[in-house]
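I have placed the structure first, in the form of structure tokens, so that the comments after it can refer back to it.
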Amino acid sequence: MSEGILYIVATPIGHLNDLSPRASEVLADVDLIAAEDTRVTRKLLQHLGLNTAMLSLHEHNEQQRIETLLLKLQAGESVALVSDAGTPLISDPGYPLVKAVRLADIKVVPIPGPCALISALSVSGLPTDKFIFEGFLPGKSSGRRGKFEELKQEPRTLIFYESPHRILACLDDLETVMGAEREVVVARELTKAFETIHSGSVAETKNWVEQDQNQQRGEIVLLVAGAQVVKKQHQDQERILGLLMEELPLKQAAGLTAKICDAKRNELYQKALEIKASKEK
Ligand code: SAM
């Protein structure tokens, strides 16, 4: 008998129409759905008119469930893993299961769909070419500040999941560690009736959240612009170049700055010419 397949099925993060046709087909066809909370998934199945068998799989019983599910998959049954909302395993249960199933050489198939962090990033207006996702921030202020210290110089866009009850305290910690001017985006209730996407400096956003109690409700993704490391590097290079140009011929000043900063000699020479020209004006 051939082995079954484990499908990792993304479900809506709010708007039910975001469930893909392929996801509903899989939920209809599998022998069993492993659901983070069967009550939540039952509502989705009712909406789809389905009655597929379910089994709970959450952070407190995942280890026990792995054995049961492996046996079922080995017996040829197909299983769909879903969480309450969005993509399973992303700040949700499923990682130990997927690891174990792949180790057993059983096929794992993704059924892609909604994911709060990607949805938030796609509308944030922050750089999307490189980003890091840190999941949920620590619940205590000291933990959050420590995490922000760790990430203060990170140039990539930072993405966090945050509880609405802590968003104000979180922005306060962010301001303390990264400064009032750092740009942030609060993406709240995505795909739902009260969807809100707010961009601003940390200080302005904190004030906005404080003034409007509604902004402290619902589900939130917090995005923080990466540190402007490149700009700072250029500023440092120009300062060194300027100082050396006062003592040395241009080529030598550019060559020495390139060595000190591990930068390109030609680009620094061009910069030196620009600085010289602007001084002669
Ligand atoms: N697996 C999910 C995913 O793919 O995004 C995330 C699950 S995690 C337990 C739940 C967190 O995701 C929420 O606390 C919130 O930070 C974020 N989230 C989920 N749905 C959201 C939505 N509609 N709008 C904004 N954030 C959302």
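For region 90-175, the fraction of 1.4 Å probe accessible surface lying on carbon and sulfur atoms is 55 percent.
Accessible area per residue for the chain is 55 Å², calculated with a 1.4 Å probe on protein heavy atoms, without ligands, DNA or RNA. Surface composition of region 12-76: carbon plus sulfur atoms hold 46% of the accessible area, using a 1.4 angstrom probe and ignoring ligands, DNA and RNA. The modelled label-to-label distance for the pair Glu267/Lys130, using points 7 Å beyond Cα in the direction of Cβ, is 1.3 nm. Of interest is the spacing of the C-alpha centroids, which for region 131-195 and region 16-31 amounts to 33 Å. Counting every alpha-carbon pair across the chain, the share separated by more than 26 Å comes to 58%. In summary, region 87-236 shows an alpha-carbon radius of gyration equal to 1.14 times the 2.2 N^0.38 Å reference for compact globular proteins.
Could you please state how large a percent of the accessible area of region 229-280 is carbon and sulfur, counting protein chains only and using a 1.4 Å probe?
Accessible surface attributable to carbon and sulfur in region 229-280 totals 52 percent.
The values are calculated or read from the model by the stated rules, or taken from the named source; none is laboratory data. Note that the coordinates shown come from a computational prediction; the quantities given were computed from them, not determined experimentally. For neighbour counting, all protein chains shown are included, and Cβ atoms are generated from backbone atoms with ideal geometry for every residue, glycine included. SASA here: full protein model, heavy atoms, side chains in, ligands and nucleic acids out. Shrake-Rupley method; radii C 1.70, N 1.55, O 1.52, S 1.80 Å.
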